[in-house]
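The values are calculated or read from the model by the stated rules, or taken from the named source; none is laboratory data. Since this is a predicted model, take the numbers as computed values, not measurements. Methodologically, a virtual Cβ is constructed for each residue, glycine included, from the backbone with ideal geometry; neighbour enumeration extends over all protein chains shown.
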Amino acid sequence: MNARAIDVRGLNKSFGDRHVVRDVSIAVDTGRITGFLGPNGSGKTTTLRLLCGLLTPDSGEGTVLGMDFRARGDAIKRQTGYMTQKFSLYEDMTLEENLAFVARVHGLDNRRERVEDTLHRLGLFDRRQQLAGALSGGWKQRLALAAATLHQPRLLLLDEPTAGVDPKARREFWDEIHTLAAEGLTVLVSTHYMDEAERCHDIGYILYGRLIARGTADAIIRDSGLVTFLGEGPGIDRAAHLLARADGVLSASAFGAAVHVSGLKREALEAALVPWRKEPFRWSEVPPSLEDVFIQLMGRERDERYTS
Amino acid sequence: MTGSLPRILAVLLKEFTQLRRDRITYAMILVMPVMQLLIFGYAINMDPRHLPAAVLSHDTSTVADSVVAALERTGYVDVRYLPRSDEELDQLIRRGQVMLGITIPPDFTRRLLKGERPQILAEADASDPQAAAGALAAVSVLPTEALRHERLGLGAPRSTAPAFEVVVHRRYNPESRSPFHIVPGLLGIILSMTLVMMTAMAVTRERERGTMETLLSTPATPAEIMVGKLTPYVVVGLVQTVVVLGMARVLFSVPMARTPAGWLALACGIVLFIVGNLSLGYLISTLARSQLQAMQMSMFYMLPSIFLSGFAFPFLGLPPWARVLGEIIPVTHFLRIVRGALLKDQVLADMGNDLLALGLFVLAVAGAALGRSRTTLD
Ligand SMILES: Nc1ncnc2c1ncn2[C@@H]1O[C@H](COP(=O)(O)OP(=O)(O)OP(=O)(O)O)[C@@H](O)[C@H]1O
Ligand SMILES: [Mg+2]
């Protein structure tokens with residue numbers, strides 16, 4: 001079997017004259033969980049749709065699950081679970097009916113059993129007769145995940161699966177993803193949450209349609225060359241917006257009573273901090289967080305923002 | 001109260017903005033009335049003229065020419081056929097190719113000359129009482145108008161009484177009961193209305209609610225989705241048919257097919273018609289951007305189905321261009337099939353053309369709908 005679950009190169013997609021996915025090449029090893037990050041409108045959903053055959057790419061080649069992803073779309077669909085960003089099960093059908101439909105359309109055996117198992121696992125068995133539309137947002141997400149994994153796919157594409165899900169459910173959700181990955185399932189999951197990005201084996205960061213960073217969280221932080229200082233002390237948070245405008249500072253954001261100040265050049269950053277190196281403020285150098293890195297990445301490409 | 005004015009204005013402006021965005025609705029609001037006025041204004045004629053007729057003469061003299069001329073002078077009928085035998089004439093009437101058949105007996109001229117007041121037979125297709133009345137209006141003038149020259153020239157006895165009689169047969173519906181005509185027609189209209197409208201939203205609804213994305217990410221193919229979506233409505237259509245026909249029988253005493261061959265013909269027509277309507281609805285739903293648009297397109301389709309199909313007005317009384325439009329509409333063919341089977345004892349052989357037309361419609365429309373179905377979102 002192919003060690004790479006996804007191996008596509010030169011993916012492009014335009015809507016009219018909007019070039020939304022640009023030359024994206026992405027390789028994902030089997031059994032890995034890859035987080036897909038990027039600001040709103042950067043092309044995450046579009047890329048996931050291209051990978052599962054819901055959109056036709058303008059160009060690009062490669063394999064998904066070892067099959068030519070442009071020619072064998074149908075075969076790939078059978079072994080892929082896709083969870084959409086917007087809830088897209090039938091709101092006018094009950095939980096049980098929705099799952100039974102998914103089981104049927106995938107031609108699964110032991111339908112009843114599988115559906116009941118899934119409902120039990122979700123803790124929704126008692127509410128199986130309820131209409132899906134009546135579920136709260138977080139429960140809808142969990143039902144959608146169950147539907148996407150019902151046919152035991154080899155590849156799981158999740159589009160912001162935990163948006164609006166409470167912390168405990170999110171943790172359970174990620175535990176479940178890791179269990180599935182340990183059994184060999186490959187997962188590509190888009191998210192806006194940094195803590196989730198850190199739970200992925202590795203990360204892809206996409207900006208204005210380009211995949212600009214790829215690797216483990218540590219590697220991305222290391223490669224960023226970012227220097228970050230943590231400032232503490234009463235009232236420092238109010239200085240954040242002044243610091244952000246100083247030369248040599250790429251970003252300065254308040255976190256509670258502290259502030260993260262990042263820049264690429266150590267000397268320039270130190271110089272910018274001089275006016276603030278006084279009592280009652282205390283400064284220390286810290287490793288940059290993923291968020292610091294991503295904010296820096298966004299700034300780096302800002303000039304190209306509307307070019308095509 | 002003045003306080004509510006800005007809020008009314010806010011809602012009003014929002015409504016206009018949305019209306020302007022929805023181009024198709026906008027177009028419908030302007031284009032539809034204009035088109036409808038033009039089409040139906042010119043097509044619909046409450047006093048049908050130039051209905052097709054046939055004259056069969058067993059008499060050897062030129063008397064038939066005179067009858068033909070007199071009939072056509074009235075403007076109500078055009079004599080399009082001169083059949084050679086009773087069977088031929090009977091078939092023309094049964095298949096609805098003519099509204100009126102005139103039969104002149106063998107010894108007509110001889111008896112006319114003898115002053116015996118011979119009879120000619122006028123058979124009208126009263127399965128459409130309104131059209132039959134038009135055709136028979138032409139016949140009523142025959143005794144005074146026809147053969148005037150012949151009678152004078154031949155020196156027949158001059159009298160004020162007509163020289164011959166016309167015996168009128170109203171076939172298929174001797175009492176000219178309009179429910180016999182309208183109720184089977186209603187079956188066609190009811191089926192179209194419900195089936196086209198219900199399926200016109202099949203795809204649009206999924207797209208609007210976002211469930212299309214899930215559906216397309218499953219292994220189901222467009223053809224599988226289409227067949228799966230439409231089949232339940234075939235059952236709906238069949239149930240409707242049974243209910244409407246049952247009520248037609250019980251409440252309006254509409255005759256039913258009398259032979260197994262008649263029922264078979266009817267069943268074929270009904271199934272093809274149901275599938276045709278469902279395919280059309282499905283095609284609409286692949287074209288419409290919203291459920292509202294799907295609804296409007298269905299309405300747009302219903303009007304010609306009512307006015308140009310022969311449901312509301314006699315088909316043969318429509319101007320030729322309107323009949324061409326009418327031939328494209330499945331209801332037109334279905335009405336001929338259902339009225340033919342119920343009232344005129346038609347069998348498969350009599351309705352070949354209409355069944356063929358429905359079959360072609362199904363193929364073309366289902367093909368187009370499938371062609372427009374995508375496995376992708378783009
Ligand atoms: N069907 C479409 N037609 C036109 N433009 C589209 C379409 N789908 C997406 N886009 C555009 O493509 C770009 C990328 O959209 P996409 O949904 O992939 O972003 P995303 O990274 O998933 O964003 P988010 O984090 O907000 O979900 C956006 O600018 C969007 O406007
Ligand atoms: Mg998205």
field: Residues of region A:83-112 classified as in contact with a helix residue (DSSP H, G or I) (Cβ under 6 Å, 6 or more places away or on another chain) and of a type in the set (Val, Ile, Thr), total
entry: 2
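Conditions tested, residue by residue: (1) among the aliphatic types (A, V, I, L, M); (2) exposed (fewer than 15 other Cβ atoms within 10 Å of the Cβ); (3) over 30 Å from A:Pro153 (Cβ atoms); (4) not assigned by TED's automatic domain parsing to the domain that holds B:Ser305.
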residue: B:Ser192; (1), (2), (3), (4): no, no, yes, no
residue: B:Ile225; (1), (2), (3), (4): yes, no, no, no
residue: B:Leu245; (1), (2), (3), (4): yes, no, yes, no
residue: B:Thr259; (1), (2), (3), (4): no, yes, yes, no
- prompt: If you take the residues in region A:54-70 that are within 13 Å of chain B (Cβ to nearest Cβ) and over 23 Å from the mean Cα position of the chain (by Cα), which one is nearest to A:Leu150 (Cα to Cα)?
  reply: A:Arg70
query: So, in region B:347-378, of the ones that are polar (S, T, N, Q) and more than 16 Å from the chain's Cα centre (by Cα), which residue ends up nearest to the other protein chains (Cβ to nearest Cβ)?
result: B:Thr376
query: Within region B:292-311, is even one residue in contact with an Asp or Glu (Cβ under 8 Å, 6 or more places away or on another chain), among the polar types (S, T, N, Q) and at pLDDT below 90?
result: yes
message: I'd like to know if region A:107-130 contains one or more residues that are within 14 Å of chain B (Cβ to nearest Cβ) and crowded, with 18+ Cβ neighbours inside 10 Å.
response: no
- prompt: Residue check, A:Arg4 against (1) more than 16 Å from ligand 2 (Cβ to nearest atom); (2) surrounded by fewer than 18 Cβ atoms within 10 Å (Cβ to Cβ), all met but one. Which one?
  reply: (2)
task: List every residue pair whose Cβ atoms sit under 9 Å apart, with the two residues 6 or more apart in sequence or on different chains, where the first one lies in region B:8-26 and is under 12 Å from B:Leu292 (Cβ atoms) and the second, anywhere, is modelled with pLDDT of 80 or more and among the small types (Gly, Ala, Ser).
output: B:Asp22/B:Ser290; B:Ile24/B:Ala288; B:Ile24/B:Ser290; B:Thr25/B:Ser290
- request: Hand me the list of helices (runs of 4 or more DSSP H) wholly inside region B:265-355 holding 1 or more residues that are out of contact with any helix residue (DSSP H, G or I) (no Cβ under 7 Å at 6 or more places or on another chain).
  value: B:291-307, B:320-328
query: When both residues are 6+ apart or on different chains and their Cβ atoms are under 8 Å apart, which pairs have a first residue that lies in region B:267-281 and is outside the structural domain of B:Met297 (by TED's automatic domain parsing), and a second that is surrounded by fewer than 23 Cβ atoms within 10 Å (Cβ to Cβ)?
result: none
field: Long-range neighbours under 6 Å by Cβ, at least six apart or interchain, first residue closer than 12 Å to A:Arg9 by Cβ within region A:44-68, second within 13 Å of ligand 2 (Cβ to nearest atom) and in a loop (DSSP other than H, G, I, E, B)
entry: none
task: Considering every residue within region A:17-35, establish whether at least one is more than 11 Å from chain B (Cβ to nearest Cβ), more than 22 Å from the chain's Cα centre (by Cα) and within 16 Å of ligand 1 (Cβ to nearest atom).
output: yes
Number of positions in region A:64-89 that are surrounded by 18 or more Cβ atoms within 10 Å (Cβ to Cβ), away from ligand 1 (no atom under 16 Å from the Cβ) and of a type in the set (A, V, I, L, M): 4
- line: Residue pairs qualifying under the 8 Å Cβ cut-off, at least six apart or on distinct chains, with the first in region A:180-209 being under 21 Å from A:Ala144 (Cβ atoms) and more than 14 Å from ligand 2 (Cβ to nearest atom) and the second being part of a strand (DSSP E or B) and among the charged types (D, E, K, R), are A:Thr186/A:Asp29
- prompt: What number of residues within region A:113-159 satisfy the criterion of being charged (D, E, K, R) and in contact with a helix residue (DSSP H, G or I) (Cβ under 8 Å, 6 or more places away or on another chain)?
  reply: 8
- request: Please identify the pairs in which a residue from region B:214-236 that is more than 13 Å from chain A (Cβ to nearest Cβ) has its Cβ atom under 6 Å from the Cβ atom of a residue that is among the β-branched types (Val, Ile, Thr) and crowded, with 17+ Cβ neighbours inside 10 Å, counting only partners at least 6 apart or on another chain.
  value: B:Tyr233/B:Thr199; B:Val234/B:Ile274
- prompt: Take the residues of region A:81-131 that are away from ligand 2 (no atom under 16 Å from the Cβ) and among the hydroxyl-bearing types (Ser, Thr, Tyr): which is nearest to A:Cys52 (Cα to Cα)?
  reply: A:Tyr90
task: With respect to B:Pro330, determine if the residue is within 14 Å of the chain's Cα centre (by Cα) and either modelled with pLDDT under 90 or of a type in the set (S, T, N, Q) (or both).
output: no
task: Scan region A:24-63 residue by residue and report those that are surrounded by fewer than 18 Cβ atoms within 10 Å (Cβ to Cβ) and within 9 Å of ligand 2 (Cβ to nearest atom).
output: A:Asn40, A:Gly41
message: Here are the criteria: (1) within 16 Å of ligand 2 (Cβ to nearest atom); (2) away from chain B (no Cβ under 14 Å). Tell me which single one A:Glu160 does not satisfy.
response: (2)
query: Does region B:193-203 include one or more residues that are in a loop (DSSP other than H, G, I, E, B), in contact with an Asp or Glu (Cβ under 9 Å, 6 or more places away or on another chain) and within 14 Å of chain A (Cβ to nearest Cβ)?
result: yes
